[in-house]
Amino acid sequence: MSGARTGERIRETRETRIVVSVDLDGTGVATIATGVGFYDHLLSSLAHHSLIDIEIKAVGDTEIDDHHTVEDVALALGGAISDALGDRAGITRFGAARVPMDESLAACALDLSGRPYAVIDLPFRADRMGELNSQMVEHALYSFAQASGTTLHLEGRGRNDHHLAEAAFKALARALRMAVAPDPRRAGVASTKGSLELDGGAA
C-alpha cells in the first residue's frame, strides 16, 4: 500500500452545498461546521476516535429543518472515505467495537466490502438532541453506509439519548479505524473474488 489515502467530495444541490475532505492516515483532527451543533459533536467524535482527519464545510436549508444537511453530509463523507480507500487493497476490511458511555452501550461491526447495507438499532427516547432530529441519526448512518460501500451493523441501548448517540459514533469510529488500517500480511484485496468494488459483489 503506497501513496496518500485521501478523498474529497463536493455535493451541491438546491438544498445544500457540502465540501468534505478526509485523510485515512491522519491523527483524528476534526474541522467540522454543518450548522447542526450536535451533529458536529458526533462527527468530531467520529474523527477523533477513528484517527481519520475530517474536514466538513456545509451550508444547508436548516431554516426548514436539519434533514437535507444531515443526509448530504453523510453521503459526502461516505463518498470521500470510499475515494480514499481506492481499490481497497491491503486493508484489514473488517472492524468491530463495543463502546460504553455511562449507562449506554453501543456495538458496531462493519465490512468495507463495497456492498452497502445497514442494520441500525438505536432506540432514542426523545424527538431531538439539540438541533438534531433523533430520526436523522439512523438516516445519517444509513446514508454513510450507502455512499462508502460499507456493510454496517450498529446497535445500542441506554437511558440518555446523548450518551447513546455518542457511544454509537465512537463504536463506529473504532470499528472504522480497525477496518481501514493496512494489513501488513495482505498483499492485495481481502476478498476471494479479488475485488472490493462499490458496485460489485465481493465475498
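The values are calculated or read from the model by the stated rules, or taken from the named source; none is laboratory data. Keep in mind the model is a prediction, meaning the values are calculated, not measured. Note: ideal-geometry Cβ built from the backbone for every residue, glycine included; neighbour counts use all protein chains shown. We work out accessible area using only protein heavy atoms, side chains counted, and drop any ligands, DNA or RNA first. Shrake-Rupley method; radii C 1.70, N 1.55, O 1.52, S 1.80 Å.
Around Ile18, under 9 Å between beta carbons, what's the net of Lys plus Arg minus Asp minus Glu among the other residues?
+2
For the chain, take the longest principal axis of its alpha carbons; what is the angle in degrees between that and the long axis of helix 67-85, to the nearest 10 within 0 to 90?
Between helix and principal axis, roughly 20 degrees.
With +1 on the Cβ of every Lys and Arg and -1 on the Cβ of every Asp and Glu, and nothing else charged, how large is the dipole of segment 37-154 about its Cα centre, in debye rounded to the nearest 20?
Using only the charged Cβ atoms, the result is roughly 600 debye.
For the chain, modelled as a GNM with alpha-carbon contacts under 10 angstrom, which of Pro116, Pro100, Pro184 fluctuates the most?
Pro184
Report, to the nearest whole %, how much of the accessible area of the chain belongs to carbon and sulfur atoms, 1.4 Å probe, protein only. Intermediate values should be presented prior to the final figure.
Working: 4520 of 9440 Å².
C and S fraction of accessible area: 48 percent.
Find out how many positive minus negative residues lie around Ser50, taking Lys and Arg as positive, Asp and Glu as negative, among other residues whose Cβ is under 10 Å from that of Ser50.
+2
Quick one: among Ser104, Ser50, Ser82, which has the greatest mean-square fluctuation in a GNM of the chain with alpha-carbon springs under 10 angstrom?
Greatest mean-square fluctuation among the candidates belongs to Ser104.
Taking the Cβ of Leu75 as the center, what net charge do the other residues with Cβ under 14 Å away carry, scoring Lys and Arg +1 and Asp and Glu -1?
Taking every Cβ under 14 Å from that of Leu75, the sum is -3.
Heavy-atom accessible area per residue, the chain, 1.4 Å probe: how many Å²? All intermediate terms of the calculation are to be shown ahead of the outcome.
Numbers: 9440 Å² over 203 residues.
Accessible surface, normalised per residue, equals 47 Å².
Given R₀ = 22 Å, FRET efficiency for Arg17-Asp183 by Cβ-Cβ distance, to 0.05?
It comes out at approximately 0.05.
Determine the shape class of segment 46-130: with a ≥ b ≥ c the square roots of the Cα gyration tensor eigenvalues, call it rounded for a/c under 1.5, and otherwise prolate if a/b is greater than b/c, oblate otherwise.
oblate
With unit charges on the beta carbon (Lys/Arg positive, Asp/Glu negative), name the residue among Leu105, Leu43, Thr92 whose Cα is farthest towards the positive pole of the charge dipole of the chain.
Checked the options; the winner is Thr92.
Given the options Ile81, Ile56, Ile64, state which has the largest fluctuation in a GNM of the chain using a 10 Å cut-off (strictly under) for Cα springs.
Ile64
Compute the distance from the alpha-carbon center of segment 127-187 to that of segment 81-100, in whole Å.
A separation of 13 Å, based on Cα centres.
When the Debye formula is applied to the Cα atoms of segment 103-173, each taken as the same point scatterer, what base-10 log of I(q)/I(0) results at q = 0.15, 0.19, 0.23 Å⁻¹?
Once normalised to I(0) and log-transformed, intensities are -0.44, -0.69, -0.96.
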